[in-house]
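Here's the structure, in structure tokens; my notes come after.
The values are calculated or read from the model by the stated rules, or taken from the named source; none is laboratory data. As the structure is a computational prediction, the values presented were derived from the model and not from experiment. We place every Cβ from the backbone using ideal geometry, glycine too, and count neighbours over all the protein chains shown. Protein only, heavy atoms only, side chains kept; ligands, DNA and RNA dropped before computing areas. Shrake-Rupley method; radii C 1.70, N 1.55, O 1.52, S 1.80 Å.
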Amino acid sequence: MSLDPSPLEVVTRIAREVAGPHADTTDRDAQFPRETIDALKKTRLMSALVPRNLGGLGCGMIELAGMCEALGQQCASSAMVFAMHQIQVASILRHAMGQPYYQKYVSDLVEMQPLIASATSEVGIGGEMRTSKCAVQQDGDGRFKLDKDCSTISYGAQADDILFQARRNPEAAPNDQIFVLVRNGEFTLTQKGTWDTLGMRGTCSPAFMLQSKGERGQIFETPFADIASETQVPFSHILWANVWLGIATAAVTRARTFVRQQARAKPGQTPPTALRLAEASNMLQTMRTNVHDVAAECERLMGGDDTAALSSIAFALKMNNLKVSSSQFVVQIVNHTLLICGIMGYKNDSNVAVGRHLRDAHSAALMVGNDRILAANASMLLVLKDD
Amino acid sequence: MNDQIRQILKDHGRLAVDVTVLADDGDLYEAGMTSHASVNVMLALEGTFDIEFPDRMLRRGVFESVAAIAAALAELTQKESAP
């Protein structure tokens, strides 16, 4: 039996010892959490999902989800950067390992631990990931040129490599999309704005003009439609939900500290805030159960033979419901903890401050807008029978 | 049957190409059908052919081409006419 710490234990330690102590400066200065990401690279966690026989840590989705929660408890920006990177790795591992270019890339990933960003959003499209304006321009020599006007790229300036979707060719329909990776040296990013936001300030996600060149072998053979429904959407929603679970858990922990302090000051009297804490604990348990339940079902489906089940309407509805409900729960729970801690929670320099948590939590409903997701669900429910 | 399917695709599929010249096995998603449009196609198919797609059939592959839709309809109507 190995006595080495598990990958989850390693991340939990990095969260506590590195991400936590830097969280306030990351937030205040909208600074990329460099120290945390460097620590994750050093412990080979950028290739956590890569199977052991390929040199990775062989982690599954649920283990990864636990890592996102652990980081999210300490620094939501660090957790979101980690989550977004892993969604890209999952897409490569699940859809491109038949291609020589990506077999080589994964061995480089294990060796060099690059940070992968995703350039999903596009100016003029908004957050609709399944529609593109930009298109691959291939020349006759097997090379391509591809420029994308991105309304946001999280940690674009800090990323080593970038994955993104585009139309297959200049004549293709807006939803006839391919997925492609460009590596350090193959692209330039021109920053087009600033990133001075309410929360998630350390993700450093301004608008960029992305200009890239590459070879045909870098284009995924699997259409982006399948990658989106089978991997990008489920991985995003589950890992994001775990980041939010981390935020909610951390805020409730602070509220518990506060209520205990009150209770100790006047033994024999249950402080009035304890009732609200009971409500917060109730919501947190509901959120946690929901997140874990959907993650378990997703991992089971991904490990099974029926991969088409991942492209079913029933599965898409369930994933969307997880995203909407957990993004709403996190705000409600953190808001409750602010009511519990009162002025001490409102003060940024107290030991039970929850301002950062509340601001970070408000990003959840906007990352793929909840209204857009509910509209998609409304449409799907017109045909779904739950038979 | 394929003509009726083509008419429904023309009315509800919001394709970027002319569906009358699309091959039976031509990819409808590549031709521009979005998931939102595919739901409207499903509804129109259910109304026109008086069938209901069970949830197990509500997945991408079942609606990817005229031929795939025809096969799904055949499976459903055959079941209904079976003794």
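In this structure, A:ARG130 does satisfy being among the basic types (Lys, Arg) and within 21 Å of A:ALA90 (Cβ to Cβ). Only one entry of A:GLY98, A:GLY142 meets the criterion of being in contact (Cβ under 8 Å) with a residue 40 or more places away in the chain, surrounded by fewer than 19 Cβ atoms within 10 Å (Cβ to Cβ), under 30 Å from A:ALA48 (Cα atoms) and over 23 Å from the mean Cα position of the chain (by Cα), and that entry is A:GLY98. May I ask you to verify whether A:ILE247 is within 18 Å of the chain's Cα centre (by Cα), among the β-branched types (Val, Ile, Thr) and either over 29 Å from A:HIS362 (Cβ atoms) or modelled with pLDDT of 95 or more (or both)? Yes; evaluated as a whole, the condition is true for this residue.
Among the residues making up the stretch A:145-165, those that are within 16 Å of A:GLY217 (Cβ to Cβ) and surrounded by 20 or more Cβ atoms within 10 Å (Cβ to Cβ) are A:LEU146, A:ASP161, A:LEU163. In the stretch B:12-38, the residue that is farthest from the other protein chains (Cβ to nearest Cβ) out of those that are open to solvent by 20 Å² or more (accessible area, probe 1.4 Å) and not in a loop (DSSP other than H, G, I, E, B) is B:THR20. When the stretch A:302-315 is limited to residues that are part of a helix (DSSP H, G or I) and open to solvent by less than 30 Å² (accessible area, probe 1.4 Å), the one that is nearest to A:VAL330 (Cα to Cα) turns out to be A:PHE315. One residue alone among A:ALA255, A:ALA248, A:ALA228, A:ALA241 is part of a helix (DSSP H, G or I), closer than 30 Å to A:GLN73 by Cα, open to solvent by less than 10 Å² (accessible area, probe 1.4 Å) and out of contact with any helix residue (DSSP H, G or I) (no Cβ under 7 Å at 6 or more places or on another chain), and that residue is A:ALA228. The one condition from (1) open to solvent by less than 30 Å² (accessible area, probe 1.4 Å); (2) touching a Ser or Thr at 6+ places or on another chain (Cβ under 6 Å); (3) under 21 Å from A:PRO234 (Cβ atoms) that A:SER78 does not meet is (3). Taking the stretch A:300-323 as the range and being among the polar types (S, T, N, Q) and within 14 Å of another protein chain (Cβ to nearest Cβ) as the test, the residues that pass are A:THR307, A:SER311, A:SER312, A:ASN320.
Assess whether B:ALA68 counts as being under 16 Å from A:SER311 (Cα atoms) and more than 10 Å from chain A (Cβ to nearest Cβ). Yes: the conditions hold for B:ALA68. Scanning the stretch A:272-289 for residues that are out of contact with any His (no Cβ under 9 Å at 6 or more places or on another chain), over 15 Å from A:VAL330 (Cα atoms) and part of a helix (DSSP H, G or I) yields a count of 4. Check B:LEU9 against each of (1) open to solvent by less than 50 Å² (accessible area, probe 1.4 Å); (2) farther than 25 Å from A:ARG167 by Cβ; (3) not in a loop (DSSP other than H, G, I, E, B) and name the one condition it does not meet. Just one mismatch for B:LEU9, condition (2). So, of the residues in the stretch B:50-64 that are in contact (Cβ under 8 Å) with a residue 24 or more places away in the chain and more than 8 Å from chain A (Cβ to nearest Cβ), which turns out to be surrounded by the most Cβ atoms within 10 Å (Cβ to Cβ)? Only one residue tops the list, namely B:PHE63. The set of residues in the stretch A:175-198 that are at pLDDT below 95 and either open to solvent by 60 Å² or more (accessible area, probe 1.4 Å) or under 24 Å from the mean Cα position of the chain (by Cα) (or both) comprises A:ASN175, A:GLY193.
Exactly one residue out of A:SER326, A:SER363 is modelled with pLDDT of 95 or more, part of a loop (DSSP other than H, G, I, E, B), open to solvent by less than 30 Å² (accessible area, probe 1.4 Å) and more than 14 Å from chain B (Cβ to nearest Cβ), and it is A:SER363.
I'd like to know if the stretch A:167-174 contains one or more residues that are more than 14 Å from chain B (Cβ to nearest Cβ), in contact (Cβ under 8 Å) with a residue 12 or more places away in the chain and either part of a helix (DSSP H, G or I) or open to solvent by less than 40 Å² (accessible area, probe 1.4 Å) (or both). Among the residues of the stretch A:167-174, not one is more than 14 Å from chain B (Cβ to nearest Cβ), in contact (Cβ under 8 Å) with a residue 12 or more places away in the chain and either part of a helix (DSSP H, G or I) or open to solvent by less than 40 Å² (accessible area, probe 1.4 Å) (or both), which makes the answer no. Only helices (runs of 4 or more DSSP H) whose full extent lies in the stretch A:1-95 are considered here, and the ones with at least 2 residues that are closer than 19 Å to A:SER363 by Cα are A:20-28, A:61-74, A:76-95. When A:VAL383 is tested against the conditions (1) open to solvent by less than 40 Å² (accessible area, probe 1.4 Å); (2) outside any helix (DSSP H, G or I); (3) under 30 Å from A:PRO21 (Cα atoms), the lone failure is (3).
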